[in-house]
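> Can you read through this structure? Questions will come right after.
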Amino acid sequence: MRMLLNAPSRRIDRKRRSCSGCASGRYQRAGTARCVGHIPFWGTIRTLIRTFLAFLVQLAGRKVGRRNTPPQLNGGNIPVRAAGAASLGLWLVLGMALLARIGMAEDQPGAVVNAESQKQATQLVQKVIQDYWNGGDDKSASAAAKPGSSTNVETAFRKAVQLLPDRLDLRFGLASSLLGEAIQTNRQQLDTKMREALKVYQDIQALDTNSFEAPILYAAYARSIGETNASQATINRLMTFDAERTSEYVQKFSQVDQILQLIPNEKAHRTMPKNKRHAIVVLGAGLETNGTMKPKLISRLQQGLRLARIYPRSPIILTGGNPKGGITEAYAMGLWYAQRGVSRKRLFLEDRARDTVENALFSSAILERLRVTHVTLVTSYSHIRRGLCDLQEACLQRRLDLQYDHLAARTKGDLELDTKQERVGIYRDLMRTSGLWAFPGIQR
């Protein structure tokens, strides 16, 4: 009876905290292992049918063997017919109880979602995120005034959370929009926005005490702004129930801290293998509206060309999407190299990436296919630490054991980033590249 009354739910991956029936990859209702819309109705019905069929088979067997069955059962207290009728009655009662349980599950607080609120929240969030992502990596001051700026993303998610307070994925999106704003602001505003984001992660933890994502994100971002005690306390708590996964992230954090100490190199090293086991990865940058390249991208290509001549057999991965004027960054880059005598056979164009995280994820797939052992990353001086962190994490996700080098490109007016802004930005990229989406179910 306990087995029947506790109806089976959809398979839940406890390690990743995700419902197999949910596209967002996260629990959407607080305090439960089931997403909204995934109450296990058919699983319950299947259990009832299987059990009832088993009873019918057993009953049929009793009838076949009745001639050889003593007239009394259970020590002569219950007749066979009475036992069969009692069993049938029991199954009918259990069936009614199961159906009642299903109705109660669907009427539980938090399981009922107002259709109009759902529609408004979905339209609000989808539109603003689409506009935001059309901006690519544009983090200029003018971009903040666009309809898809981080400020408008935050506003959209705040409204969505008000409409659907039980949707944890919307709360994750709100925290991510606050992080985006923090990276674009000065130090004082950065601290304010970061603390707001950390508060949202704490709220998620309070709603879902078994969550792994919320506390590990809290630990990462607290560490990024120097709140090491709060970060370590959260890590210690996570170690008590998921030590393996927590340890993996602790190692990632240590790797990031090492990369942050790196001084970008502007001169090409000659220490890499001069064969096809070494690849060169050049990161793209935004094009002009007519599709022409900006000085930032040209300087990266020039550094990449120096490497291409030092290592004439190395494949070259050119990564960048964001089409302007009908062409992508990767296409424009490939054309530039071809015009300067680089064989097209050496060029591998990756033209889907919209930002640095996707540069890394999509390039790592090509590196895996090429079976290289060494890679040199080429990007701007102020971008090298972030790009290298993303690429290493993306390759780690594919279990690629590579040796890394880098070559930085200087551009006139290319200034050093604020240390704190860079730290937060790199930690955010790390978490996204590791598989924790910034906007669950919508965008990485």
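All of the numbers you see were taken from the coordinates with simple rules; none came from a lab. The structure presented is a predicted model; accordingly, all values stated were derived computationally and were not measured. Positions of Cβ are generated from backbone atoms using ideal geometry, with glycine treated the same way; all protein chains shown enter the neighbour counts.
> What does the extension gain come out to for GLU244 and LYS127, with contour length at 0.36 nm per residue minus their alpha carbon separation?
Full extension of this stretch gives 38.3 nm more.
> Multiplying the sequence separation of ASN275 and ILE310 by 0.36 nm and subtracting their Cα-Cα distance, what value in nm do you get?
11.5 nm is the gain from fully extending ASN275 to ILE310.
> Then there is this: Rounded, prolate or oblate: which one fits the range 115-260, using the alpha carbon gyration tensor with axes a ≥ b ≥ c (rounded when a/c is under 1.5, else prolate when a/b beats b/c, else oblate)?
Oblate.
> Report the label-to-label distance for ARG340 and ARG195 in nanometres (one decimal), using points 7 Å from each Cα along the Cα→Cβ vector.
4.8 nm
> Here's a follow-up. Using a ≥ b ≥ c from the Cα gyration tensor of the range 253-301 (square roots of the eigenvalues), is it rounded, prolate or oblate, where a/c under 1.5 gives rounded and otherwise the larger of a/b and b/c decides, a/b for prolate?
It comes out oblate by the Cα gyration axes.
> Could you rank the peptides 189-197, 281-289, 298-306 by their average count of other C-beta atoms within 10 Å per residue, with the highest value first?
281-289, 298-306, 189-197
> At R0 = 35 Å, how high is the FRET efficiency between THR292 and LYS119 if r is their beta carbon distance? Nearest 0.05 is fine.
Efficiency for this residue pair is about 0.25.
> Which ³J(HN,Hα) values in Hz, rounded to whole numbers, follow from the phi angles of the range 308-314 under the Karplus curve 6.51 cos²θ - 1.76 cosθ + 1.60, where θ = phi - 60° and Gly and Pro get x?
3J(HN,Hα) across the range 308-314, in whole Hz: 4, 7, 6, 10, x, 9, 6.
> Here's a follow-up. Quick one: compute the contact order of the range 278-409, relative version, from alpha carbon pairs under 8 angstrom and 6+ residues apart, as a percent.
It rounds to 29 percent for the range 278-409.
> Can you list the residues, at least 5 places off or on another chain, whose amide H is less than 5 Å from the amide H of GLN403, using H built in the peptide plane?
Hits under the 5 Å cutoff: HIS374, VAL375.
> 7 Å from Cα along Cα→Cβ at both LYS267 and GLN443: what's the point-to-point distance in nm?
Here the modelled spin labels are 4.1 nm apart.
> Using alpha-carbon positions, what is the distance between the centroids of the range 387-433 and the range 229-284, in Å?
Value for the Cα centre distance between the two parts: 9 Å.
> Cα centroids of the range 306-344 and the range 152-189: how far apart, whole angstrom?
About 37 Å separates the Cα centre of the range 306-344 from the one of the range 152-189.
> For a quick protection proxy, order the peptides 254-261, 332-339, 382-389, 436-443 by their average other-Cβ count within 10 Å, most packed first.
Packing order, densest peptide first, comes out as 382-389, 436-443, 332-339, 254-261.
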